[in-house]
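Since the structure comes first, as structure tokens, the remarks are kept for the end.
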Ligand code: BYC
């Protein structure tokens, strides 16, 4: 009689096959077998990413009514709408992993879920809108170009489209900064002030240093992350220093020096205490952001109720209820 394999042996064989596929560069699709831990890690990372896109609309939304011209207003409106779309693609991606958007939104609104630290800083002047496009979208592109090669198909494919849109966002932000930096002394000072305030939080977007990053090893082993947090941060610094120089702005880091041997711009110490404060809920705007999201959710209750009633009517339930 054939001996039955114990579940753990089956599981081990499936895991080995899964890892062979990843090593061969194959893409994992929703109906493929995957280790529970891979699924959980993806849900964690993708839901944080989706939440970041949605919360990320708030700092910029703050300036839609105060944009300095119709052209600027149109660009900003389009950008903020794009961010909502990015959130939706990524929430759809998490649905392919068996987790509904309602559950994830509950986690966001209850304060349990994380979202990117960067969106807990205030947008004080119009130049902040330029700085966000240039630096925040610029950092996001560096990170997400890498994620477009992630092993999980739905996430990787969402990143391809998102990166194209983020490129437009970065260009509009850099153009705002270029115009301000070449304007009156007061406009240039406003642009420099925005760079001073957004520079270090932008570097924190890449996450802790690799040696302090508990998730990196597993995510790298399973091909979700293709590069480490430090390498991507360095890539962003290298490309951004040249851009700041081109428009006559100064990166607020006295320790910034070019390493001739590697071509890398070496930068000073990131304030990791500030980073940990912000991601644990105690940044300058964490409370304001969550309050705004909760209000938007409550205000939208009638839309959800109407959509559900419409869906029920479409599948005949509403009709049956009316007859009864
Ligand atoms: N902020 O082990 P680590 C946009 C957490 S939005 C908050 O290195 P991992 C845009 C991390 O979650 C684009 N938390 O984590 C939208 C972990 O905590 P948990 C946003 C952070 O996952 C609107 C702990 O720290 N992009 O472009 O290996 C307008 C240890 O970290 C942060 C994404 O979401 C942070 N900055 O790597 C404009 C990209 N960093 O979960 C623009 C997708 C770390 O264990 N995400 N943490 O409790 C990623 O690429 C990765 O998740 C990270 C972190 C590189 C961020």
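A few points about this structure:
- Sites residue 32 and residue 186, calculated FRET efficiency, Cβ-Cβ separation with R0 41 Å, nearest 0.05: 0.10
- Relative to the longest principal axis of the Cα atoms of the chain, the long axis of helix 138-147 makes an angle of roughly 30 degrees.
- Shape of the chain, Cα gyration tensor, a/c cut at 1.5: oblate
- Taking a ≥ b ≥ c as the square roots of the Cα gyration tensor eigenvalues, the stretch 105-148 comes out oblate, since a/c reaches at least 1.5 and a/b does not exceed b/c.
- Likely footprinting exposure, 112, 170, fewest C-beta neighbours within 10 Å first: 112, 170
- Residue of 291, 307, 50 that the Gaussian network model of the chain assigns the largest fluctuation, springs spanning Cα pairs under 10 Å: 307
- Mean Cβ count within 10 Å, highest first, over the residues of peptides 151-164, 251-264, 183-196: 151-164, 183-196, 251-264
- Computed E for residue 168/residue 14 - FRET, C-beta separation, R0 51 angstrom, nearest 0.05: 0.75
- Per-residue ellipticity at 222 nm computed for the chain from its helices equals -20500 deg cm²/dmol, with DSSP H segments shorter than 4 residues left out and the rest contributing -39,500 (n - 2.57).
- Relative to the longest principal axis of the Cα atoms of the chain, the long axis of helix 185-204 makes an angle of roughly 30 degrees.
- Taking the C-alpha atoms only, the angle from helix 36-55 to the longest principal axis of the chain is near 40 degrees.
Read-outs: derived from the displayed coordinates by stated rules, not from any lab. What you see is a predicted model, and the numbers here were worked out from it, not measured in a lab. All Cβ positions, glycine included, derive from the backbone under ideal geometry; neighbour counts span all protein chains shown.
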